[in-house]
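Student: My questions will all concern the structure given below.
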Ligand code: S3P
């Protein structure tokens, strides 16, 4: 166990309260002293605490005077209140034998500058064997009786050594805390005090103040009877040890005052907004705070910041789709994912205020939104698809304080790579397990040609480290694959590059980036298969209306196309010519699919899609449609399984590097249902049932591999299955299609969701 690394023969804890007592308890729990080697001693002015510590088996012996105990100690931990440190150190300086140079001294005080200054005063300089430290853990309880061996497990301990501190002493203190299960970090004294003033001292001050203010206004304390959970949560820490906290505020005066000034300015602003009835201002502040709070949660858990999504991921969400069902009604699916990502990105870089409607409130686009908040962009919303971006201009982004986590979103990572390669600051882009397996060399390589400096993990995989301050120059790039993400990445980098950035695509790919840039007044030219722009221009904010996502609509298009009696209208769907492969392919297969009410909103064509059941036939999918339907193949394969004859797809190897290997995942899933299919390196043949009524295949259990589109495709397949289809690992449906299950049930499918065990 980790305690094996604690080589001290005797550890002396000075001050046996909760913190010191818990340290002893944690060392005991880690096995320190179990074999008779290694003693824990304690010194405390309160004899009863020493007695209790011995009774509890936490310490071997102790006393109220320091001198006799110090002689034997190898490591001394000062765990007394901050303002008592100076007198304890004075006693220590007198008691320490001059020759005992290998004694290491550390402390647990919540502020560091005051203790360092006291040490300098007492010892005539900062001793090399003094390693100041602070375990970030505590409780409202006090005294050794409350000692908790788990108090430091997975908590941070900050050490603040200076250049003159003995590295061996630092290592010994690190080993002490590591044995208690803590994560040990280092920072400067000043930084420590600033950080703690904001994250710990200020909230304690506020909690004490709020409780006191209310209590004094209400002598009979009636008010507490009616206090709700929010009050309880907010004021829990007001029950903490008053003496300890008095000391902390006196000791960390400057940093606390600075954070209190910031806080007062914030409260004053909110006060003004309340007084003037300024709802927008209140909303903007609350929104920022609420999202920051969720993001904080996600950083701690290393996962998504939507609480619900988080729970689902932990519980491995499973869908159960009952066989059969109807498909009828008028629905609008959520906003386009590609356009939503771009609306935030370009919105942030424009000048002015960008108002977005129809924004997709899915995990992927929310990750993009949050990343910009991390880079200092004020963003209100989303509220029912409405987002207001307070644009900062092309050079207004600020360095984020940590890595930008984009979850499952390949589009976010690849477009960010281009956008951030030209910034003055460094960034790190990370994602979830699925994204971490996806190729990023396709963007890193051409960006390097432009002069960017990018590190990737092995095989060109995430995380990506982008080094800031590099001068980019325009290039002419012949894309080896038809990828809108690569094209968009380079165009975004091109905004920051000297000269022209030209991208040639082997086949047309979605052109939302080009359209939106033009909508923001940035000139993008195209001739044949090549588009280009010149760096150094400006973007001017303009409103963006995000149409419904044709990639989400595709599941319902196929649902209606395979279900006898179906009659469904999908409203306000984006029908950009570079996205309508699914419509073209379904029509070629014989689907009764009409475009109605066609119009253009904000530079993107939209229409209502009206689809009724008609028997489908298998086709050879035209290769020119492949990039135009690249995300819709999982749904189209389900259509193929219900058609007459064989549907053949080729030149679609890109499907193997999506959120999953979609060729393999669909081939396995279809086979599980008994659908005859044959996999090829770049495609698949699917033999349809050819039945125009009843079931086309069996039911079964499918692994979606965490791929949202695989999961949704098999829900749709259930309409023509003979038994239920159970689909595992479905939480990622929330990345592109929040509310999918509800909408599916609304039109007449029968889908339930629960944990793996429930299904
Ligand atoms: C997207 C482009 C496509 C697509 C993805 C979204 C975009 O990826 O599959 O879902 O928004 O640019 P590729 O560029 O890798 O084909």
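Read-outs: derived from the displayed coordinates by stated rules, not from any lab. These numbers were taken from a predicted model, which means no experiment stands behind them. All Cβ positions, even for glycine, are placed from backbone atoms using ideal geometry, and neighbour counts span all protein chains on display.
Student: Can you tell me, using C-alpha contacts under 8 Å and at least 6 residues apart, the relative contact order of region 360-542 as a whole percent?
Tutor: 17 percent.
Student: Expressed in nm to one decimal, what extension gain is obtained for the pair residue 399 and residue 752 from 0.36 nm per residue of sequence separation less their Cα-Cα distance?
Tutor: Gain in length upon complete extension: 122.8 nm.
Student: Determine Rg/Rh for region 43-102; Rg is computed over alpha-carbon atoms and Rh is the Kirkwood hydrodynamic estimate from the same atoms.
Tutor: Radius of gyration relative to Kirkwood radius: 0.97.
Student: Let me ask something additional. Antiparallel DSSP bridges in the chain: what percent, to the nearest 5?
Tutor: DSSP beta bridges in the chain are roughly 55 percent antiparallel.
Student: Residue 596 versus residue 527, label points 7 Å from Cα toward the beta carbon: distance in nm?
Tutor: Computed distance between label sites residue 596 and residue 527 equals 4.4 nm.
Student: Continuing with this model, one more query. At R0 = 60 Å, how high is the FRET efficiency between residue 473 and residue 146 if r is their beta carbon distance? Nearest 0.05 is fine.
Tutor: 0.40
Student: Under the rule a/c < 1.5 gives rounded, and otherwise a/b versus b/c splits prolate from oblate, where does region 3-187 land using the Cα gyration tensor? Provide the component values of the computation, followed by the final result.
Tutor: Values: a/c = 1.32, a/b = 1.19, b/c = 1.11.
Rounded shape, in that the Cα axes give a/c under 1.5.
Student: Give the order of 593, 679 when sorted by the count of other beta carbons within 10 angstrom, beginning with the fewest.
Tutor: Details: 593 20, 679 14.
The order, fewest Cβ neighbours first, is 679, 593.
Student: Label points 7 Å out from Cα along the Cβ direction at residue 183 and residue 428: separation in nm?
Tutor: 1.1 nm
Student: Can you compute the equivalent ellipsoid semi-axes for region 663-745, i.e. the square root of 5 times each eigenvalue of the Cα gyration tensor, sorted largest first and rounded to whole Å?
Tutor: 21, 17, 10
Student: Give the calculated FRET efficiency between residue 195 and residue 657 to the nearest 0.05, with a Förster radius of 35 Å applied to their Cβ-Cβ distance.
Tutor: Approximately 0.30, to the nearest 0.05.
Student: Moving to a separate point now. Can I get the semi-axes of region 413-491's equivalent ellipsoid? Compute them from the C-alpha gyration tensor as square roots of 5 times the eigenvalues, in angstrom, largest first.
Tutor: Details: eigenvalues 64, 51, 19 Å².
After scaling each eigenvalue by five and taking roots: 18, 16, 10 Å.
Student: For region 5-65 and region 250-282, write down the distance between their C-alpha centroids in whole Å.
Tutor: 44 Å
Student: Place a label point 7 angstrom from the Cα of residue 437 along the Cα-to-Cβ direction, then list the residues of region 650-693 whose backbone nitrogen is under 19 Å away.
Tutor: Of the residues in region 650-693, 653-672, 679-683 have backbone N under 19 Å from the label point off residue 437.
Student: What is the extension gain from residue 254 to residue 275, computed as 0.36 nm multiplied by their sequence separation minus the C-alpha to C-alpha distance, in nm to one decimal?
Tutor: The span from residue 254 to residue 275 would gain 4.4 nm if fully extended.
Student: How many Å³ per residue does the convex hull of the Cα positions in region 103-244 occupy?
Tutor: 141 Å³
Student: Can you grab the distance from the C-alpha centre of region 701-759 to the C-alpha centre of region 128-207, Å, no decimals?
Tutor: First find each Cα centre; the distance between them is then 47 Å.
Student: Calculate I(q)/I(0) for region 195-277 by the Debye formula, one identical point scatterer on each C-alpha and no solvent, and give its log10 at q = 0.15, 0.18, 0.21, 0.22 Å⁻¹ to two decimals.
Tutor: At q = 0.15, 0.18, 0.21, 0.22 Å⁻¹ the computed log10 ratios are -0.67, -0.91, -1.09, -1.13.
Student: Could you put 245, 177 in order, starting from the residue whose Cβ has the fewest other Cβ atoms within 10 Å?
Tutor: So the ranking, lowest neighbour count to highest, is 245, 177.
Student: Which whole-number percentage describes the relative contact order of the chain, with Cα contacts under 8 Å and a sequence gap of 6 or more? Don't skip to the answer; put the middle values down first.
Tutor: On the way: 1674 pairs, mean separation 80.3, N = 759.
Reported as a whole number, the value is 11 percent.
Student: Three principal axis extents, largest first, for the C-alpha atoms of region 636-675, in Å?
Tutor: 29, 22, 11
Student: Still on this model: Just rank 249, 263, fewest to most, by other beta-carbon atoms within 10 angstrom. Spell out each step's value before the answer.
Tutor: Working: 249 18, 263 15.
Going from sparsest to densest Cβ surroundings: 263, 249.
Student: Given N residues in the chain, what is its alpha carbon radius of gyration divided by 2.2 N^0.38 Å?
Tutor: With N residues counted in the chain, Rg over 2.2 N^0.38 Å equals 1.15.
Student: Relative to the longest principal Cα axis of the chain, at what angle does helix 18-29 sit, 0 to 90 degrees, rounded to 10?
Tutor: Approximately 70 degrees, to the nearest 10.
Student: For a bin width of 10 Å, list the pair-distance distribution of region 360-542 built from all Cα-Cα distances, rounded to whole %.
Tutor: 10, 38, 40, 12, 0
Student: What is the Cα coordinate range of region 711-753 on the first, second and third principal axes, sorted by size from largest, in whole angstrom?
Tutor: Between the extreme Cα coordinates on each principal axis of region 711-753 lie 29, 22, 15 Å.
Student: Quick one: P(r) of region 66-160 from all Cα-Cα pairs, 10 Å bins, percents rounded to integers, in order of increasing distance.
Tutor: Reading upward from the zero bin: 14, 47, 31, 8, 0.
Student: Based on the Cβ-Cβ distance of residue 620 and residue 316, what FRET efficiency does E = 1/(1 + (r/R0)^6) give at R0 = 35 Å, to the nearest 0.05?
Tutor: After rounding, the FRET efficiency stands at 0.40.
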